[in-house]
There are 2 protein chains.
Amino acid sequence: MYIAKVYITLKPTVNDPQGLTIRGALHTLGFSTVQEVRAGKYIEIKIEENDLVKARAEVQDMCKKLLANTVIENFRFELEPLKAP
Amino acid sequence: MYIAKVYITLKPTVNDPQGLTIRGALHTLGFSTVQEVRAGKYIEIKIEENDLVKARAEVQDMCKKLLANTVIENFRFELEPLKAP
């Protein structure tokens, strides 16, 4: 069994209104050192699959088909083995 | 200058309707090995600060004051030095 940690970020050229809003709020709170904020998604997926190669291919497929919009987003992921409880 | 990579996740006991929805969608797409999905946030923050200790304290403060709702969410972050362009 594996746990996949998926990070989805907007491509650098894509506008990020959520990030701009967070930056504005941080400035208002007095964090004047903040230069840029980019907001993204973080998804953890537990997979019932013992073969690392298969698990990697599956997560890659999931990202392309559902999790990330590859026109405007980049994704990367890590797989960690998970011990059965 | 540092870049902070902040990961915000729901605490394990908190219901995660977004994660359940993603799991349902993945099952519908045929990814039957998926057991559990937890959705979270991923935020990258560029900080104009050359002192690692100060930068760490600032990001910690930002998470507590704005980025994470510590009643229902956990956060962790990494700081990486960033070369000026």
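The values are calculated or read from the model by the stated rules, or taken from the named source; none is laboratory data. None of the values given here were measured: they were computed from a predicted structure. Using ideal geometry, Cβ is built from the backbone for each residue, glycine included, and neighbour counts are taken over all protein chains shown. Just so you know, the surface numbers come from the protein's heavy atoms only, side chains and all, with ligands and any DNA or RNA stripped out. Shrake-Rupley method; radii C 1.70, N 1.55, O 1.52, S 1.80 Å.
Scan region B:40-60 for residues that are open to solvent by 60 Å² or more (accessible area, probe 1.4 Å) and over 20 Å from B:TYR2 (Cα atoms) and report the count. Result for region B:40-60: 0.
Among the residues of region A:60-82, those identified as part of a loop (DSSP other than H, G, I, E, B) and touching a residue at least 24 places away in the same chain (Cβ under 8 Å) are A:ALA68, A:ILE72, A:LEU82. Listed conditions (1) modelled with pLDDT under 95; (2) over 19 Å from A:TYR7 (Cα atoms) are all met by A:THR28, apart from (1). Within region A:24-39, residues that are open to solvent by 20 Å² or more (accessible area, probe 1.4 Å) have Cβ atoms under 6 Å from residues that are in a loop (DSSP other than H, G, I, E, B) in these pairs: A:THR33/B:GLU48; A:THR33/B:GLU49; A:GLN35/B:GLU48; A:ARG38/A:ASP16, counting only partners at least 6 apart in sequence or on another chain.
Scanning region B:70-85 for residues that are within 30 Å of B:PRO17 (Cα to Cα) and open to solvent by 70 Å² or more (accessible area, probe 1.4 Å) yields B:VAL71, B:ARG76, B:GLU78. Here is the figure for region B:25-45: residues that are touching a strand residue (DSSP E or B) at 6+ places or on another chain (Cβ under 8 Å) and more than 7 Å from chain A (Cβ to nearest Cβ) total 1. Taken over region B:33-62, the criterion of being closer than 16 Å to A:ARG23 by Cβ and within 10 Å of the chain's Cα centre (by Cα) is satisfied by B:LYS41, B:TYR42, B:ILE43, B:GLU44. Could you check, for region A:4-17, whether at least one of its residues is farther than 29 Å from B:GLU58 by Cβ, surrounded by 13 or more Cβ atoms within 10 Å (Cβ to Cβ), more than 7 Å from chain B (Cβ to nearest Cβ) and modelled with pLDDT of 95 or more? Taking every residue of region A:4-17 in turn, at least one turns out to be farther than 29 Å from B:GLU58 by Cβ, surrounded by 13 or more Cβ atoms within 10 Å (Cβ to Cβ), more than 7 Å from chain B (Cβ to nearest Cβ) and modelled with pLDDT of 95 or more.
Every residue, every condition in (1) basic (Lys, Arg); (2) within 17 Å of B:VAL34 (Cα to Cα), yes or no:
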position	(1), (2)
A:GLN18	no, no
A:GLY24	no, no
A:THR33	no, no
A:VAL37	no, no
A:ASP51	no, yes
A:ARG56	yes, yes
A:VAL59	no, yes
A:LEU67	no, yes
A:ARG76	yes, no
